[in-house]
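Here the structure is laid out as C-alpha cells; the discussion comes afterwards.
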Amino acid sequence: MAHLRGVAEASARIFGNVIGNGLRSGHKVLSQKLIGDKVLAWYPEPVQKMDPLYVDPTEPKRVLKIERMKRRGKGVPKKGEGKRAGKRK
C-alpha cells in the first residue's frame with residue numbers, strides 16, 4: 001500500500017496534481033488564472049480620474065436633495081439610532 005502511495009505522490013509532483021482526502025477544497029478555484037485585469041478592461045475609466053477639474057453635474061442636485069430631506073427629518077440616522085436600535089430584546 002505504501003508503494004502505491006509513493007507512486008501517487010510522485011505522479012502528483014510531476015503533473016502538478018493535488019492528492020485529496022475526499023473532502024471539498026478550494027484548490028480548483030485557486031489554481032485558475034486570475035481574471036481581474038480582463039474584467040477591469042470591460043469598464044471605462046472614470047472621467048474624474050482623467051480630468052481632476054471635472055464636476056459631476058448631478059452632484060450639486062444630490063447634495064441639495066439630501067439637505068432638504070435632513071431639514072424635514074428624513075435624513076440618514078446617526079450610527080446606532082437606526083431601525084434595529086429600537087428592537088432590543
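The values are calculated or read from the model by the stated rules, or taken from the named source; none is laboratory data. This one's a predicted model, so the numbers in the text were calculated from it and none came from an experiment. Ideal geometry is used to build each Cβ from the backbone, glycine not excepted, and the neighbour counts take in all protein chains shown. For accessibility, only protein heavy atoms count, side chains too; no ligands or nucleic acids. Shrake-Rupley method; radii C 1.70, N 1.55, O 1.52, S 1.80 Å.
Which condition from (1) within 30 Å of the chain's Cα centre (by Cα); (2) surrounded by 10 or more Cβ atoms within 10 Å (Cβ to Cβ) is the one that Gln32 breaks?
With respect to (1) within 30 Å of the chain's Cα centre (by Cα); (2) surrounded by 10 or more Cβ atoms within 10 Å (Cβ to Cβ), Gln32 is out only on (2).
Sort out which residues of segment 35-84 are assigned to a loop (DSSP other than H, G, I, E, B), open to solvent by 100 Å² or more (accessible area, probe 1.4 Å) and of a type outside the set (Phe, Trp, Tyr), and write them in order of number.
Matches in segment 35-84: Ile35, Pro44, Glu45, Pro52, Leu53, Val55, Arg72, Lys74, Val76, Lys78, Lys79, Glu81.
Any residue that is open to solvent by 70 Å² or more (accessible area, probe 1.4 Å) and either touching a helix residue (DSSP H, G or I) at 6+ places or on another chain (Cβ under 7 Å) or in a loop (DSSP other than H, G, I, E, B) (or both) - is there at least one of those in segment 2-12?
Looking for residues that are open to solvent by 70 Å² or more (accessible area, probe 1.4 Å) and either touching a helix residue (DSSP H, G or I) at 6+ places or on another chain (Cβ under 7 Å) or in a loop (DSSP other than H, G, I, E, B) (or both), one finds none in segment 2-12, hence no.
Of the conditions (1) under 29 Å from the mean Cα position of the chain (by Cα); (2) modelled with pLDDT under 85, Glu59 clears all except one; give me its number.
(2)
Could you tell me whether Gly20 is assigned to a loop (DSSP other than H, G, I, E, B), small (Gly, Ala, Ser) and loosely packed, with under 10 Cβ neighbours inside 10 Å?
No; evaluated as a whole, the condition is false for this residue.
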